[in-house]
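Colleague: Starting off with a structure, shown below.
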Amino acid sequence: MSGFDIFAIVLVLLVIVTLVAGVKTVPQGYDWTIERFGKYTQTLSPGLNLIVPYFDRVGRKINMMEQVIDIPEQEVITKDNATVTVDGVAFFQVFDAAKASYEVSNLQQAIIVLTMTNIRSVMGSMDLDQVLSHRDEINERLLRVVDAAVSPWGLKVNRIEIKDIVPPADLVEAMGRQMKAERVKRADILQAEGQRQSEILRAEGAKQGQILQAEGRREAAFRDAEARERSAEAEAKATQMVSEAIAKGDVAALNYFIADKYIKAFGQLADSPNQKVIMLPVEAMSMLGSLAGIGEIAKATFGDGAAFAAGAARRGSVPTTGSAPPAVPPRQG
Amino acid sequence: MTDMFVSLGTWNWLIFGFILMALEVLAPGVFLFWLGLAALLVGLISFAIAMSWQLQLVMFAVFAAAAVPVWRRLARPTPDASASPFLNKRSEALLGREFTLEKPIIDGSGTMRIGDTVWRVAGPDTPAGTRVKVVQVDGANLTVAAA
């Protein structure tokens, strides 16, 4: 084989190797750094790229997509000396491939350690209750601190989330008991309050009832009195009217009224089923007899209308023949 | 074996060229396509002009090397055509958009809440509550100016 033969073969191999070394296809989502004699010169973005073979070399292939890393479990002592176990996740994205490649060594480890120490300092400044209830605030504070810290590395931390906060088992148990006691307390207070309220209401009802009853009695008494007054008034008026009638000389009419009432009363007395024997005082009979005498006196006194009075007296005497006169005239009203 | 290559003569180049092009499809790297093209070219020329195989090899090497500047010229008209130009470029997507500052910018730097996260911003000292516009991005650092 001649020298030219070998030269031609080697030339072809050289060209192929050179092309392979010079043409770079960077996939989407990655940035490649280029080093010239070991020194960073440029960053290749996704797509087809040409570099100078033999001088340039691909340094690091940096993932430019948002990545998630687990923040491992660690024990954190809160401000009130409770030991809680905490883990989380961090989301970050590389914005500057060169800085991410050369400003920091072992990028992920750096982020993890940075986040862990900051979790400790943020949660260590809070009470256990705060730690458990202010997760958003913790995330926010962590994000601000860690994001500022990773800034020189060409990254941005988009999110840090505390996943689990686990207090020790005995503390959890105590918290459960505390919550239960609190609820029981609330229930007891509510029950007592209800009882108090109901008793007050009941007493008020009784009070109101008594007041109303007393008022009713008062009202009834007033009305009774009024009724008595009215009846007295009516009697007085009746008496007045009778006496006026007498004054007008109609004595026989008076006799008639008395006799009429008497007979009615007597009739009622006779109708009574268990009263068949009626005892009448002698004086009653004589008083009845005297009525005629009163009529005569009135006639003699007033004179006027004597004929009518006599007639009336005669008519008035009719009931006296069959029955006894009443002891007292029946009350009116 | 060698006898076979020799007996095929010029056809070797065409076969070689097509094999390279097929390989390009299987393992994309673009340069294999240009090597294949160079091989086809060498084959066509050696059909017309009789050449020694060594010369053919040198020609192939020259064509392959020449393919790079040719390809660069052809590729230039559509440098970065992409359906979503802001893929993986979250900060560039914010360029020109307006936001309200939650915290003031003091001594030229501060933070600004955009969406679900907090961005570092730089710009003239501005009190909180001012509307600002993203005028420049550099990685994850945004430069803002009063809108």
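The values are calculated or read from the model by the stated rules, or taken from the named source; none is laboratory data. From a predicted model like this one, the values you see are computed outputs, not experimental measurements. Cβ: placed from backbone, ideal geometry, glycine included. Neighbour counts: every protein chain shown. For accessibility, only protein heavy atoms count, side chains too; no ligands or nucleic acids. Shrake-Rupley method; radii C 1.70, N 1.55, O 1.52, S 1.80 Å.
Colleague: Restricting to segment A:215-263, and then to whatever is hydrophobic (A, V, I, L, M, F, W, C), open to solvent by 70 Å² or more (accessible area, probe 1.4 Å) and closer than 30 Å to A:Thr301 by Cα, can you tell me which residue is modelled with the lowest pLDDT?
Modeller: For segment A:215-263, the residue satisfying everything is A:Phe257.
Colleague: Cβ-Cβ below 7 Å, separation at least six or inter-chain, first residue in segment B:35-52 and within 14 Å of another protein chain (Cβ to nearest Cβ), second among the polar types (S, T, N, Q): which pairs?
Modeller: Close Cβ pairs satisfying both conditions: B:Val42/B:Gln56; B:Ser46/B:Thr10; B:Ser46/B:Gln56.
Colleague: Is it the case that some residue within segment A:11-19 is open to solvent by 30 Å² or more (accessible area, probe 1.4 Å), within 11 Å of chain B (Cβ to nearest Cβ) and touching a strand residue (DSSP E or B) at 6+ places or on another chain (Cβ under 6 Å)?
Modeller: Within segment A:11-19, not a single residue is open to solvent by 30 Å² or more (accessible area, probe 1.4 Å), within 11 Å of chain B (Cβ to nearest Cβ) and touching a strand residue (DSSP E or B) at 6+ places or on another chain (Cβ under 6 Å).
Colleague: Only one residue in A:Ala148, A:Ala98 is within 18 Å of B:Thr111 (Cβ to Cβ) and either surrounded by 13 or more Cβ atoms within 10 Å (Cβ to Cβ) or touching a Gly at 6+ places or on another chain (Cβ under 9 Å) (or both), so which one is that?
Modeller: A:Ala148
Colleague: In addition: In segment A:153-162, is there at least one residue being out of contact with any helix residue (DSSP H, G or I) (no Cβ under 8 Å at 6 or more places or on another chain) and either free of Cβ contacts under 8 Å to residues at least 40 places away in the same chain or away from every other protein chain (no Cβ under 14 Å) (or both)?
Modeller: no
Colleague: Tally up the residues in segment B:105-143 that are away from chain A (no Cβ under 12 Å), surrounded by 14 or more Cβ atoms within 10 Å (Cβ to Cβ) and either in a loop (DSSP other than H, G, I, E, B) or in contact with an Asp or Glu (Cβ under 9 Å, 6 or more places away or on another chain) (or both), please.
Modeller: Within segment B:105-143, residues that are away from chain A (no Cβ under 12 Å), surrounded by 14 or more Cβ atoms within 10 Å (Cβ to Cβ) and either in a loop (DSSP other than H, G, I, E, B) or in contact with an Asp or Glu (Cβ under 9 Å, 6 or more places away or on another chain) (or both) number 6.
Colleague: Any idea how many residues of segment A:64-114 are hydroxyl-bearing (Ser, Thr, Tyr) and touching a Leu at 6+ places or on another chain (Cβ under 7 Å)?
Modeller: Of the residues in that region, 1 qualify.
Colleague: Using the structure shown, decide if A:Phe37 is within 11 Å of chain B (Cβ to nearest Cβ), free of Cβ contacts under 8 Å to residues at least 40 places away in the same chain, surrounded by fewer than 18 Cβ atoms within 10 Å (Cβ to Cβ) and aromatic (Phe, Trp, Tyr).
Modeller: So A:Phe37 fails the test.
Colleague: In addition: Considering only residues that are in a loop (DSSP other than H, G, I, E, B), without any contact (Cβ under 8 Å) to a residue 40 or more places away in the chain and more than 11 Å from every other protein chain (Cβ to nearest Cβ), which ones fall in segment B:86-100?
Modeller: Matches in segment B:86-100: B:Phe86, B:Gly96, B:Arg97.
Colleague: Test B:Val42 against the stated conditions and say whether it is open to solvent by less than 30 Å² (accessible area, probe 1.4 Å), in contact with a strand residue (DSSP E or B) (Cβ under 9 Å, 6 or more places away or on another chain) and at pLDDT 85 or above.
Modeller: Taking the combined requirement at face value, the residue does not satisfy it.
Colleague: Taking the options B:Leu26, B:Leu20, name whichever one is away from chain A (no Cβ under 12 Å) and modelled with pLDDT of 85 or more.
Modeller: B:Leu26
Colleague: Restricting the search to segment A:81-95, which residues are of a type in the set (Phe, Trp, Tyr) and either more than 11 Å from every other protein chain (Cβ to nearest Cβ) or in a strand (DSSP E or B) (or both)?
Modeller: A:Phe91, A:Phe92
Colleague: Quick check, is A:Ser125 within 31 Å of the chain's Cα centre (by Cα), open to solvent by 30 Å² or more (accessible area, probe 1.4 Å) and of a type in the set (Gly, Ala, Ser)?
Modeller: no
This table checks each residue for (1) open to solvent by 50 Å² or more (accessible area, probe 1.4 Å); (2) more than 14 Å from chain B (Cβ to nearest Cβ).
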{"site": "A:Leu142", "(1), (2)": "no, no"}
{"site": "A:Asp164", "(1), (2)": "yes, yes"}
{"site": "A:Lys180", "(1), (2)": "yes, yes"}
{"site": "A:Gly194", "(1), (2)": "no, yes"}
{"site": "A:Gln213", "(1), (2)": "yes, yes"}
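Colleague: Looking at A:Ala169, is it over 22 Å from A:Phe91 (Cβ atoms), surrounded by 10 or more Cβ atoms within 10 Å (Cβ to Cβ) and without any contact (Cβ under 8 Å) to a residue 24 or more places away in the chain?
Modeller: In short, no.
Colleague: Right, another one. Of the residues A:Thr43, A:Thr25, A:Thr78, only one is surrounded by 13 or more Cβ atoms within 10 Å (Cβ to Cβ) and either under 60 Å from the mean Cα position of the chain (by Cα) or more than 12 Å from chain B (Cβ to nearest Cβ) (or both); which?
Modeller: Going through A:Thr43, A:Thr25, A:Thr78 in turn, the sole match is A:Thr78.
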